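The values are calculated or read from the model by the stated rules, or taken from the named source; none is laboratory data. Just so it is clear, the structure is predicted and the values come from calculations on it, not from any experiment. Cβ sites come from the backbone with ideal geometry, for glycine too, and all protein chains shown count toward neighbours.
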Number of protein chains: 2
Amino acid sequence: MEFLTSITPAQALKVIGTFPLPSLDREEAPLEHAQGRVLALDIIAREDIPPFARSLVDGYAVKAKDTYGAREGSPSFLLVKGVVAVGEATEAQVGDGEAVSVATGAMVPAGADGVVMEEHTRRAADGVEVTHSVRRREHICFRGEDLKAGEVVLEKGKVLSPFDIGVLAALGVVAVPVYRQVFVGIVSSGNEVVAVDTAPPPGKVRDINAHTVSGLVRMRGCLVRFAGIARDTVEDITEKLSALKGCDMLLLSGGSSKGQSDFMTAAVELLGGKTLFHGLNIKPGKPTVFASLWDKPVFGLPGHPVSCAMVVLRFVLPLVARLRGEKEEVFPRTQAGTLTTNVPSTYGIEEYVRVTVARKENRTSVTPLFAKSSVISTLSRADGYIIVRAGKEGLEAGEEVEVYPLG
Amino acid sequence: MEFLTSITPAQALKVIGTFPLPSLDREEAPLEHAQGRVLALDIIAREDIPPFARSLVDGYAVKAKDTYGAREGSPSFLLVKGVVAVGEATEAQVGDGEAVSVATGAMVPAGADGVVMEEHTRRAADGVEVTHSVRRREHICFRGEDLKAGEVVLEKGKVLSPFDIGVLAALGVVAVPVYRQVFVGIVSSGNEVVAVDTAPPPGKVRDINAHTVSGLVRMRGCLVRFAGIARDTVEDITEKLSALKGCDMLLLSGGSSKGQSDFMTAAVELLGGKTLFHGLNIKPGKPTVFASLWDKPVFGLPGHPVSCAMVVLRFVLPLVARLRGEKEEVFPRTQAGTLTTNVPSTYGIEEYVRVTVARKENRTSVTPLFAKSSVISTLSRADGYIIVRAGKEGLEAGEEVEVYPLG
């Protein structure tokens, strides 16, 4: 009998992480559609932002030294030379003993190095009494204090957030250089699988995996092409894979039993591809295949819905991120917490356990959702998953664990 | 001089949290477009999933008791009565001393209460030798073990994840009852503000807020209508607000100084609306206005980009969630960590401090990004923010803090 050649998750991640990927073509996204896209060039500020010193408050632009020592009982008197409205250019100069009235956001005239808040002043004939001192640079956002001309403000590979969009808006970048979106081709397989809009006859079930997998890669900004459900024959799988030749990555779900994954590797090899590993030392998710076809990465995913989803989360999404041109994630997306119960596991195999997370009185507690790998409903209820490493024989209540996100 | 009437964040959240909202109309989303939408009805399973007992492995369906005591050296011999292929209906019955060969995912014949893995068997003439015992219910996913007919499987108000889509696929729900999407109307205001595709003349700056705010509400699944940039006149603001009458929520950014927010409240009142609060005891974000117009919530957001974004994160997005029909978030979206440096703050005012988060050796460290409220680039670099409550005079290095997410 032929068994799967299981490799360790670390070996698998290395094979996947070094799979040679092409650099994606660049395109321009309109600013309003750039969110979530991956930046394809460093963005260098071509101007200072703000482009001039702006007041952060309503008040008076002054020389800070003229206000030193000012108090309610002994105010500084300054001569008011004029007013700068917001949006207005000014040629005014603030000299010693002088002040110019400025609105929030207005240009601060030359010569001033601080703005006294209106609340700290009293209007007097021709002038203003300052009742609180102001520090140098206080209440002013200086030219270039936000973004400086010539500086790299956003790096290539950044997934654009609403705040990055704000930075691009500030600089007037209305056509954003981004990588084109990644196409993920999806095939379901299995003689038992019918389309979701079908009432399954006895012995058959609806296709769950195509939908879950599509959802997961769409969450990461990919476009999905679905080739349909392949019967368990090398011919049908070959045909479905061929229909997705234009995609950047292929995901074949189903193939949960030895026989099925053999059909897939046979189809890949028939098409001139190469199997890179077949079988992973994890639970759930063992019957996973990784191959290269037309120089593109191809995964054979387990048929059990939860196994399939776990393999996508742990092994496929990192490759999706790299394919998209994402720079390595710096923010730690895991969350630490304390196990509420023991978690049994098998020594020598890496196990993934779905968990719920609760936060109470500054403590994060993590509770496993024990269920068979075919039970998709637990994933819908879970907040994340934990990893029990191969070298562990279970975890104990009270242990600190890292919770990985579900997407 | 007229000052803003500041209320506390808690009072503001109460006013916002009790703002009467209509229930949104329901519509049907095709399954492939339902992800991220909000479920408008409880989903009750109309059938058992799986619809029949399925084998979780390749092996032999047996009566578990027939395998008790089986060992490598003294196997149990069972008569093989047949084979069930995956996707096939079977009428077979497993009797005492009998076995039926089953593939992974195949229907388990009646009478069997366990499946022996193929690896734990040896083929013999007419039968099979079982070399390991199997427990009752082992390696079978029983009918209804994932989802039971009549059970509420997904609750109204759930934001649909890829796994929820999987649950809906399992049940054949191809038209998903969801709330219609929320329209958020956005106006920028300020005489100093010009459109992003314009080179700002001296004294003027490009519109950042419309883009950041649009991005934040789009992240939460809203549709955006942008009415343009209003001059600082009651007439222009009135006209822009009127153009957005069909929206579910209105967000007017700009209006950072006292004068500007007065234009907004005047415009709202001219149109028959009512100001609910004007001024918030927070930093940054003080000049925030909340009003009711045409029975819809209207926010006047500060003009400083960071102040504007912080008010959206803390005060607008919870209302967006409620407007969308989202059930209260159960997963704690904050993350705990330890401050690396002191954070000064003003007693009596709630302050929001942007931070970066790093995770090393099982410790999460939180470092403030000190910057003026006009500096949008720090938000683009931040991982989250922390709240320094009004009753605190700063926080100290080593203190445990909660980090709130930026979206």
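Side notes on the structure shown:
- B:E118 being acidic (D, E), surrounded by 14 or more Cβ atoms within 10 Å (Cβ to Cβ) and closer than 21 Å to A:D262 by Cβ: yes
- Criterion applied to B:G144, B:G157, B:G150 was being surrounded by fewer than 21 Cβ atoms within 10 Å (Cβ to Cβ), out of contact with any Asp or Glu (no Cβ under 9 Å at 6 or more places or on another chain) and more than 10 Å from chain A (Cβ to nearest Cβ), and the one residue passing it is B:G150.
- Just so you know, in the stretch A:64-95 the residues that are polar (S, T, N, Q) and under 27 Å from B:G190 (Cβ atoms) include one that is nearest to the chain's Cα centre (by Cα), and it is A:T90.
- Flag for B:L41 being touching a Lys or Arg at 6+ places or on another chain (Cβ under 9 Å), within 14 Å of chain A (Cβ to nearest Cβ) and in contact (Cβ under 8 Å) with a residue 24 or more places away in the chain: no
- If you check A:S101, A:S6 for being of a type in the set (G, A, S), buried (at least 20 other Cβ atoms within 10 Å of the Cβ) and either touching a residue at least 40 places away in the same chain (Cβ under 8 Å) or in the same structural domain as A:M219 (by TED's automatic domain parsing) (or both), only one passes: A:S101.
- The single condition among (1) within 13 Å of chain B (Cβ to nearest Cβ); (2) in contact with a helix residue (DSSP H, G or I) (Cβ under 9 Å, 6 or more places away or on another chain); (3) assigned to a loop (DSSP other than H, G, I, E, B); (4) more than 17 Å from A:L56 (Cβ to Cβ) that A:A89 does not satisfy is (2).
- In the set (1) in contact with a Phe, Trp or Tyr (Cβ under 9 Å, 6 or more places away or on another chain); (2) farther than 29 Å from B:G87 by Cβ; (3) assigned to a helix (DSSP H, G or I), B:E32 fails one condition alone, (2).
Conditions (1) more than 14 Å from every other protein chain (Cβ to nearest Cβ); (2) closer than 19 Å to B:L216 by Cα; (3) not aliphatic (A, V, I, L, M), marked per residue:
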residue	(1), (2), (3)
B:S345	yes, no, yes
B:E350	yes, no, yes
B:E361	no, no, yes
B:V366	no, no, no
B:K372	no, no, yes
B:L379	no, yes, no
B:I387	yes, no, no
B:G394	yes, no, yes
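- Selection status of A:L276, crowded, with 22+ Cβ neighbours inside 10 Å and in contact with a strand residue (DSSP E or B) (Cβ under 9 Å, 6 or more places away or on another chain): no
- The stretch A:1-44 - residue that is over 20 Å from the mean Cα position of the chain (by Cα) and small (G, A, S) and, of those, modelled with the lowest pLDDT: A:S6
- Number of residues in the stretch B:49-79 that are assigned to a loop (DSSP other than H, G, I, E, B) and within 14 Å of chain A (Cβ to nearest Cβ) equals 7.
- None of A:L319, A:L293, A:L280 is over 25 Å from B:I49 (Cβ atoms), in contact with a Ser or Thr (Cβ under 7 Å, 6 or more places away or on another chain) and away from chain B (no Cβ under 14 Å) except A:L280.
Each row is one residue, and each column tells you yes or no for (1) more than 30 Å from A:A53 (Cα to Cα); (2) more than 10 Å from every other protein chain (Cβ to nearest Cβ); (3) in contact (Cβ under 8 Å) with a residue 12 or more places away in the chain.
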residue	(1), (2), (3)
A:I140	no, no, yes
A:P177	no, yes, yes
A:V187	yes, yes, yes
A:E192	yes, no, yes
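- Among the residues making up the stretch A:198-213, those that are outside any loop (DSSP other than H, G, I, E, B) and at the interface with chain B (Cβ under 7 Å from one of its Cβ atoms) are A:V205, A:R206, A:H211, A:T212.
- Condition check for A:V86: of a type outside the set (F, W, Y), out of contact with any strand residue (DSSP E or B) (no Cβ under 7 Å at 6 or more places or on another chain) and crowded, with 24+ Cβ neighbours inside 10 Å: yes
Listed here are the residues, each with its yes/no results for (1) modelled with pLDDT of 95 or more; (2) within 14 Å of another protein chain (Cβ to nearest Cβ).
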| site | (1), (2) |
| --- | --- |
| B:R218 | yes, yes |
| B:E235 | yes, no |
| B:M249 | yes, no |
| B:G254 | no, yes |
| B:T265 | no, no |
| B:G272 | yes, no |
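- Residue, farthest from the chain's Cα centre (by Cα), within the stretch B:184-206, restricted to residues that are under 12 Å from B:S253 (Cβ atoms) and either surrounded by fewer than 24 Cβ atoms within 10 Å (Cβ to Cβ) or among the hydroxyl-bearing types (S, T, Y) (or both): B:S189
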